[in-house]
Every structure is written in C-alpha cells, then in structure tokens.
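These notes are about the structure you will find just below.
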Amino acid sequence: MSRRPGFVLEVDKSTPPTLFWNGEGFTLETLPEGSRVIYAPEPMKALDDPYGAIRHALLHPVGDRDPLPALLHAGMKLTICFDDISLPLPPMESPDIRQMVIETVLDMAADAGVDDVMLIAALALHRRMTEDELRHALGDRVYDAFAPHGLLTQHDAEDPDNLIFLGQTEAGEDIEINKRAATSDLLIYVNINLVAMDGGHKSVATGLASYRSLRHHHNPQTMQHSRSFMDAPASELHSSNWRMGRFIAEAGVKIFQIETTLNTDTFPSSFAFLQKREWEWNVRDRATYAATSKSLRAAPPRLARQIFHSIESPHAMTSVQAGEVEAVHAITTENVWKQQGVDVQGQTDILTLGLPYICPYNVNSIMNPILVACLGLGYFFNLYRGKPLVRQGGVLILRHPTRPEFHPGHHPSYIDFYEQVLTQTVDPVAIHKQFEESFATDPWYIHLYRTGHAYHGVHPFYMWYWCAHALEHLGRVIIVGGDPKAVRRLGFSPASSLNDALELASDVVGPSPTLTHLHAPPIMMADVH
C-alpha cells in the first residue's frame, strides 16, 4: 500500500477541531470555516537493510571520489566528524544512524590497517554533549573504544591550539576550522539531514568552525537575505557556506561526505494520534488524547518536560549517499523533499503554528523565550520553498506557553541576553552592532562553553538573527497562551485564546482574512506556488 502525500484541507462545518502543539502539551482549536490545514506526507518506507545500504554507499560513492576502502591505508591520519545532539529531533531509538555509519567506516578502516583515527563531534558553538548523549549517538562499542583514550573529542571553537586559519574567500570571509580535521589525510563527515538546510558544505564550514568564521554568515544581513533557509538558491546562508566549503576543498582538505535522510515516523505508538489527521482518530486515539492532555495539564512543567524529553523517535533511515560533498548533497536534498514536500497554492493572511517542546538547541533542556522565537520565526516560518506561506505584512500566530524559564547550565548567556539586550531593543541589526562583540568575547561565557555544557556566549544572538527575515516580512507576531510579560519582552503581542489572537490580527490584515495552519510536527516543507 503506497503512502499518502501531503494534504491541504479546507475547513468546513464538518471539520473536527484541529490539534495544536503547545509546548509540553497540546490543545484542540476550532478554526474558522474556509481556513486551510496543511498535513505532512505519511512516512516513507525505511530501508530494509540499513547496514547494507551504508556499505553500498561507501563502496559506490558519487561525484569525484573513489570508494572509501581505496582511500584508506596504513599510516594515514583519519578523522571522522559527526553531527551533534541538535539532530535528529526527537532523538532516535537505538541504534542511532551515526552509530551505524561510524561502525561501518571503522570496520573498513581496521581492514585497511588505519590506526590513527580520531572522532570529533561537530559542535560549532553548541554545548558539549554529555557521556550519555554521546553513548546514545555512537553506541557503547564505539564510545568505549575511543573515549577512554582521548580519541573521541568535541570541537572547541575557542581552542587556539586546535584551530587553523586557511585564508579568505573572494567575499572576504575568514576560514578558520578544526586543525585536526583540516590536517588529516582524510576527513569523513557523517551527517543526519533532518531538513533541506542540513548537510552539504555547511557540515564542515559551520560545524567545525570558530566564531571568526561563523560571524560572516550568522548575522542579520545574511539572515534577512535568506528567503528560506530550506531553498538553497534563495538562501544567502547557503551561498556563504558554499563559498567557504569550496575554499576549504581548494585548500587541500580532502572530505568524504556521508549524508542520510529519515522518514517522518516521529512519535512512538503511544502518541500515534499526533501523526493522524483528526477526522481519522479512532476511539483509542480520542481517549489517548484526552487522558494525555489531562495528565499534562495537571503535571508541573518540569515533570511534563521530563516526560517529553524521554521520548525516543522511531524515525528510520530512508537513504544514504556518500562521496564528494556537492554531488552527495544534491541527492540528499531531493530525498528530503520527496519525504517532506507539500504543494500549496497561494499565500495566506494569517499563518498559525503550534510549537512543540523541542528545537535543535534545547534537547534535554528548557525551551526559553528566545528559543521559542527562533523555533517559530526562524525554523517553522522558513519551512517553505518559493514564497512564504504568509504574505508580506501578514500575521503569524504561535501557540506556546513561553515561560521566562532558562537552563542556567546550558543557556547562561541567554539569561543575560533576555535581561540586558531585549530590554533595550529587539531590532536584530541594532543588537548586532551594540551588543554582539561583548558577549562573543566574554571570558566567563567562553570558560563555560569550553569546560561545561553551555552554549557559546554569542549563541542567543544567532537565534535572534534567525528571526530576522520573518521579522522584516511580518506585520505582527502573536503568541497565544504565553506569559504576557515574556511575550512583550520579545516584541510580540500576547493573546489568551485563538479567538483573541484573530481579533488582534484583524487590526493588521483587515476583516475576513484567509488563515492557514501548518500541522507540524511531523516536519513538512511547503512548496508555495
């Protein structure tokens, strides 16, 4: 039986209430007649033999690359880099794709007599992973073989002894990346492509870079000129990473890229109703929704957070390709769109989104207000190709509790950004000019990043810059159910209900507006015509 494609529903009198995520919970909302609801395509079939598919990809690379065994030999220096905890979302059931790929690569390296092998988590400016998180990503066999001997490391973007400056692109972008990776005989990068933006030259040019490099594309100007991060030709973020990646290759860094795609089988069977269209819920689905919602409403936020962050996703590999970076990524991107693409005709006056409990930067952590803004305006707003789902000057309505809560160990500079920067201005350009350098170079933030599990001091700035395109495009942002003070601190409008939000929106878009709800997650991408 073939899977069903994505679907755009027009709401009528018979349409049941629509599920909205609401942080660590969800709610049902009755949308106005004539509204549209966009549903994700059903999950693609997983590969029957993932280990066999991985081995086949390594033996039959694409682009200008020899099969991996031909690139391996005794006496060489081999570095294997891999995506950090920000992917996939939610974390997947064991075995993780990174474990499967790296085990296969290591078996080939052992057969070739390679004994100088280093594993590096490509953190960029993200927090360091814990032992449990590394074991989950790599498996006990790999972790125990490498970590005790200092052969499993995490990229440190502030370690001058393990960074190397390669030069500047024609656009004046500094290229400074991990020294061990850049000076290896072969750098293998293992990527999980959750969305079209992931992978390609971004893997090395961002994941293994320093602040000196990252500042060239993680800034308001680049983000404002990225008219969807998911649409490469329209993304200046993509263009900058591609210039840097090509420079890195021309500088002699030999990269063997391995990219994988997942299906959208996102939630375990106990949450099956989250992946169904509401009119297809059976008695069990309705009962599960009612019982789960009641329990979550009664639970303290910390307990609800623990429940959701314990979820391991059953999503599975649908493709794996290896070889030269750009040739690999072209196939990967096509496969991502096969799983996630939905054709949508025309834009809308109002776009509604229910935001879930998780984003790339709060795994096993807290979704603070800055991350709420980034998830809604940086990620979900940009889940399109062609044109944004919402028209220029339209309104974005988000549903999320938006509590002013922060994880002090993971997000220390976020607290100061919230209290010291957003109280002065919410303009990304002004924030960049007035405040970024002091946070980026602050010795205490750097110490916490290097020795603890804190995101780099500049990281909240980048999250705010991710919102820049949406902030420039939209007429108003409204958050339903959020802490009013926190919502206003972000420069947005609070509303106590969806009906109140629609009244506020009418002041911007006029009476009888069109409305579209993006029913995500599961992740989808709108191809807007």
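The values are calculated or read from the model by the stated rules, or taken from the named source; none is laboratory data. As the structure is a prediction and not an experimental result, all values here were calculated from the model. Virtual Cβ from ideal backbone geometry, glycine too; neighbours counted across all protein chains shown. Heavy atoms of the whole protein, side chains included, go into the accessibility calculation; ligands, DNA and RNA do not. Shrake-Rupley method; radii C 1.70, N 1.55, O 1.52, S 1.80 Å.
The Rg/Rh ratio of the range 197-251, with both radii computed over alpha carbons and Rh defined as the Kirkwood radius, is 0.94. Using the structure shown, list the pairs from LYS276/LYS338; LYS77/LYS202; LYS179/LYS202; LYS202/LYS276; LYS13/LYS485 with a Cα-Cα distance above 26 Å, or answer none. From LYS276/LYS338; LYS77/LYS202; LYS179/LYS202; LYS202/LYS276; LYS13/LYS485, over 26 Å: LYS202/LYS276; LYS13/LYS485. Taking the longest Cα principal axis of the chain as reference, the axis of helix 97-111 is set at about 10 degrees.
Heavy-atom accessible surface of the range 50-262, averaged per residue, reaches 34 Å², computed with a 1.4 Å probe. Shape descriptor for the chain: Rg over Rh equals 0.95 (Cα atoms; Rh from the Kirkwood inverse mean 1/r). In order along the range 178-190, the phi-based Karplus estimate (6.51 cos²θ - 1.76 cosθ + 1.60, θ = phi - 60°) of 3J(HN,Hα) comes to 4, 5, 4, 5, 5, 9, 7, 5, 8, 10, 9, 10, 10 Hz; Gly and Pro are listed as x.
Across the range 230-339, Cα-Cα pairs farther apart than 22 Å form 57% of the total. Three semi-axes describe the equivalent ellipsoid of the range 380-515; taken as square roots of 5 times the Cα gyration tensor eigenvalues and ordered largest first, they are 31, 16, 13 Å. Taking Lys and Arg as +1 and Asp and Glu as -1, the other residues whose beta-carbon sits under 11 Å from that of ARG246 total -2. For the range 50-262, a simple Cβ point-charge model (Lys and Arg +1, Asp and Glu -1, everything else neutral) yields a dipole of about 420 debye relative to the Cα centre. Seen from every direction in turn and averaged, the convex hull around the alpha carbons of the range 50-262 projects onto 11.6 nm². Over the range 1-134, the reciprocal of the mean inverse Cα-Cα separation, the Kirkwood hydrodynamic radius, stands at 19.4 Å. Where both bridge residues fall in the chain, DSSP classifies roughly 30% of the beta bridges as antiparallel. With contributions of -39500 (n - 2.57) from each DSSP H run of at least four residues, the per-residue ellipticity at 222 nm computed over the chain stands at -9500 deg cm²/dmol. Relative to the longest principal axis of the Cα atoms of the chain, the long axis of helix 428-440 lies at roughly 40 degrees. By accessible area, using a 1.4 Å probe on protein heavy atoms only, the chain has 50% of its surface on carbon and sulfur. Angle of helix 498-509 to the longest C-alpha principal axis of the chain, folded into 0 to 90 degrees and rounded to 10: 90°.
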